[in-house]
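Worksheet: one structure, shown below.
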Amino acid sequence: MPRMNLNGASAIVTGGASGIGEAAARQLAALGAKVVIADLQEDRGTEVAREIGGLFVKCDVSSEEDGIAAVTAASEMGPLRALVNSAGLGRAARTIDRNNEPMPQAQFDFVIKVNLLGSFNMLRLAAAAMAKTEPLDADGARGAIVNMASAAAFDGQIGQASYSASKGAIVGMTLPIARDLSASGIRVNTIAPGLIDTPIYGSGEQADKFKAHLGESVLFPKRLGSAEELAFMVLECITNPYMNGETIRCDGGIRMPPR
């Protein structure tokens, strides 16, 4: 069975204006997909979309209206075959602080809203559009979805309660959603990155020293991963027709310490 053919199909990448999302969008475009960059970073998202021959759609992933707009835009460019749920954020805070005051509930809720509810919102809308397309092959394959979790789903550090909860829930929903969508020929997988070199670490000499220090805790290779390396795994999950219902750590073998 050949790899899933994305030439002439459409794909959506949330958080596609930077980092892992941008790398995945570029690799999808290189395979012939028309990619919708669904992001809030309008200037950067528009630039990336222009460079890869795709389309930018300003999108709050937790908004049903924005999600529908992204799915509609993609479907107009070609049959929707792929969704990469890469949008996400973190808000570090301990459950109670050093003064024994509780974490603001709104802060926890916001992380869950974007990372978990936003991922499911985009997934359900994209899956509905994929299910209406013609099958690609004799198996009845119609598309593939990749969610982005984190090593923090398993090794959450101090101050990561909301982030780890959101990513752990994404891991937990992967298999049941894959089972839900199997009748429609749609595969679902999740990737759990470790320490990845993205713009959140900043730039310059101090940032480079900090990243080198972080890299020492990685089993091998002893460095931060690149967005491109994560995108390789994203593309494998999308194009390998037998990859389904799995969560894959892509982290150089790291196991995160408490802090």
_Matching residues in segment 6-16 - criterion: being under 12 Å from the mean Cα position of the chain (by Cα) and not in a strand (DSSP E or B)_ = Gly15, Gly16
*Can you name the number of the only condition in (1) surrounded by fewer than 22 Cβ atoms within 10 Å (Cβ to Cβ); (2) in contact with a Gly (Cβ under 8 Å, 6 or more places away or on another chain) that Gly159 fails?*
(2)
*Candidate set: segment 120-132, residues that are without any contact (Cβ under 8 Å) to a residue 60 or more places away in the chain and touching a helix residue (DSSP H, G or I) at 6+ places or on another chain (Cβ under 6 Å); chosen: the one surrounded by the fewest Cβ atoms within 10 Å (Cβ to Cβ)*: Ala131
*What are the pairs, 6+ residues apart or on separate chains, where a residue within segment 99-117 that is more than 22 Å from Asp39 (Cβ to Cβ) has its Cβ under 6 Å from a residue that is polar (S, T, N, Q) and not in a helix (DSSP H, G or I)?*
Met103/Thr95
_For the structure I just gave you, tell me whether Ser182 is hydroxyl-bearing (Ser, Thr, Tyr), closer than 26 Å to Ala93 by Cβ, surrounded by fewer than 15 Cβ atoms within 10 Å (Cβ to Cβ) and touching a residue at least 12 places away in the same chain (Cβ under 8 Å)._
no
_Anything in segment 199-234 that is among the aliphatic types (A, V, I, L, M) and over 24 Å from the mean Cα position of the chain (by Cα)? List them, or say none._
Ala207, Ala212
*Do you know which residues across segment 224-246 are closer than 12 Å to Gly194 by Cα and either among the polar types (S, T, N, Q) or at pLDDT below 95 (or both)?*
Ser226
*So which residues in segment 25-51 are under 24 Å from Lys132 (Cβ atoms) and of a type in the set (A, V, I, L, M)?*
Ala25, Leu28, Ala29, Leu31, Ala33, Val35, Val36, Ile37, Ala38
*Being over 19 Å from Ser18 (Cα atoms) and in contact (Cβ under 8 Å) with a residue 12 or more places away in the chain is the filter here, so list the residues in segment 84-98 that pass it.*
Ala92, Ala93, Arg94, Thr95
*From the list Ile196, Ile191, Ile186, which one is touching a helix residue (DSSP H, G or I) at 6+ places or on another chain (Cβ under 7 Å), within 15 Å of Ala24 (Cβ to Cβ), modelled with pLDDT of 95 or more and among the hydrophobic types (A, V, I, L, M, F, W, C)?*
Ile191
_Out of Ile170, Ile200, Ile177, I need the residue that is surrounded by fewer than 24 Cβ atoms within 10 Å (Cβ to Cβ) and closer than 29 Å to Thr72 by Cα. Which one?_
Ile177
*Identify the single condition in (1) free of Cβ contacts under 8 Å to residues at least 24 places away in the same chain; (2) small (Gly, Ala, Ser); (3) under 18 Å from Val13 (Cα atoms) that Ala227 does not satisfy, given that it satisfies every other one.*
(1)
*asked:* Looking at Lys222, Lys209, can you tell me which residue is over 25 Å from Ser164 (Cβ atoms) and free of Cβ contacts under 8 Å to residues at least 40 places away in the same chain?
replied: Lys209
*asked:* Given the condition within 15 Å of the chain's Cα centre (by Cα), assigned to a helix (DSSP H, G or I) and over 30 Å from Leu219 (Cα atoms), answer yes or no: does some residue in segment 143-166 qualify?
replied: no
*So which of Phe232, Phe220 is surrounded by fewer than 17 Cβ atoms within 10 Å (Cβ to Cβ) and in contact with a Cys (Cβ under 9 Å, 6 or more places away or on another chain)?*
Phe232
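The values are calculated or read from the model by the stated rules, or taken from the named source; none is laboratory data. As the structure is a computational prediction, the values presented were derived from the model and not from experiment. Reconstructed Cβ throughout: ideal geometry from the backbone, glycine too, with neighbour counts over all protein chains shown.
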